[in-house]
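To keep things clear, I will list the structure first and then write my remarks on it.
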Amino acid sequence: MAKKNTLTQYSLVQLYMEYVLEHNHAPKSVYTFAKSNGFEETEFYTFFANFESLDSTIFSLFFTNTKEMLESSKEYSTYDSRNQLLSFYFTFFENLTANRSYVVYALNESRNKLENLKKLKGLRSKFLDYIDELDIEVLQIKNKQLEQLKDSVVQESYWVQLMITLKFWLDDTSVS
């Protein structure tokens, strides 16, 4: 196979997603994946340690793409926190819908649902940072320890909300 253009993180993700969708499983090894796509195995390792880290990165990239799209909009910065979060959800799920076949496969690959959630580790970290950035108004508590606990609870509640919405989206069988 002829050598492809310069390999990037994004092009590797695209190749991987295509492979998974065409074969209904992840590649058996980095070596065979690289060979079948015309690049050197060492090039893969400049971006990812293994396929698990690539899987996790895919969901982080969905987040990054969503945030970049939102921040490129002039109106987004004028929204209050609530509307920024709603815009995030709408755009994020549009990105997931554009890649629905892969997302459904990836999040239902293992019978062990907790195993599938490992793929969301990078997304979770970025999402919790995003929630922190939003400056969402919550009840003010005068006790320092309770204040720290409250911040954690707020972040986790938004993460749970995202997971519940994701589960609903995955189970949705309506057209369009």
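Quick look at the numbers
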{"quantity": "Selected residue (criterion: farthest from residue 116 (Cα to Cα)) from residues of the stretch 38-47 that are open to solvent by 20 Å² or more (accessible area, probe 1.4 Å) and under 24 Å from the mean Cα position of the chain (by Cα)", "calculated": "43"}
{"quantity": "Members of the stretch 105-120 that are under 23 Å from residue 67 (Cβ atoms) and open to solvent by 10 Å² or more (accessible area, probe 1.4 Å)", "calculated": "107, 117, 118, 119"}
{"quantity": "Unique match (being free of Cβ contacts under 8 Å to residues at least 12 places away in the same chain and either closer than 21 Å to residue 111 by Cα or surrounded by 12 or more Cβ atoms within 10 Å (Cβ to Cβ) (or both)) among 11, 60, 56", "calculated": "11"}
{"quantity": "Search result, residues across the stretch 1-60 that are under 20 Å from residue 126 (Cβ atoms), part of a helix (DSSP H, G or I) and among the aliphatic types (A, V, I, L, M)", "calculated": "12, 13, 17, 54, 58"}
{"quantity": "Residues that are farther than 26 Å from residue 97 by Cβ and either of a type in the set (A, V, I, L, M, F, W, C) or over 21 Å from the mean Cα position of the chain (by Cα) (or both), drawn from the stretch 48-77", "calculated": "49"}
{"quantity": "Which listed residue, of 112, 108, is in contact with a Leu (Cβ under 8 Å, 6 or more places away or on another chain) and at pLDDT below 95", "calculated": "108"}
{"quantity": "Check on residue 88, out of contact with any helix residue (DSSP H, G or I) (no Cβ under 6 Å at 6 or more places or on another chain), closer than 19 Å to residue 132 by Cα, open to solvent by less than 80 Å² (accessible area, probe 1.4 Å) and touching a residue at least 12 places away in the same chain (Cβ under 8 Å)", "calculated": "yes"}
{"quantity": "Residues of the stretch 80-101 that turn out to be outside any helix (DSSP H, G or I) and at pLDDT 95 or above, as a count", "calculated": "1"}
{"quantity": "Long-range neighbours under 8 Å by Cβ, at least six apart or interchain, first residue part of a helix (DSSP H, G or I) within the stretch 102-116, second hydroxyl-bearing (Ser, Thr, Tyr) and surrounded by 13 or more Cβ atoms within 10 Å (Cβ to Cβ)", "calculated": "116/110"}
{"quantity": "Any hit, the stretch 130-140, residues being outside any loop (DSSP other than H, G, I, E, B), closer than 30 Å to residue 28 by Cα and either β-branched (Val, Ile, Thr) or open to solvent by 20 Å² or more (accessible area, probe 1.4 Å) (or both)", "calculated": "no"}
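The values are calculated or read from the model by the stated rules, or taken from the named source; none is laboratory data. It should be emphasised that the depicted structure is a prediction, and the values quoted were computed from it without experimental measurement. Ideal geometry is used to build each Cβ from the backbone, glycine not excepted, and the neighbour counts take in all protein chains shown. In case anyone asks, the SASA skips ligands and DNA or RNA and just uses the protein heavy atoms, side chains included. Shrake-Rupley method; radii C 1.70, N 1.55, O 1.52, S 1.80 Å.
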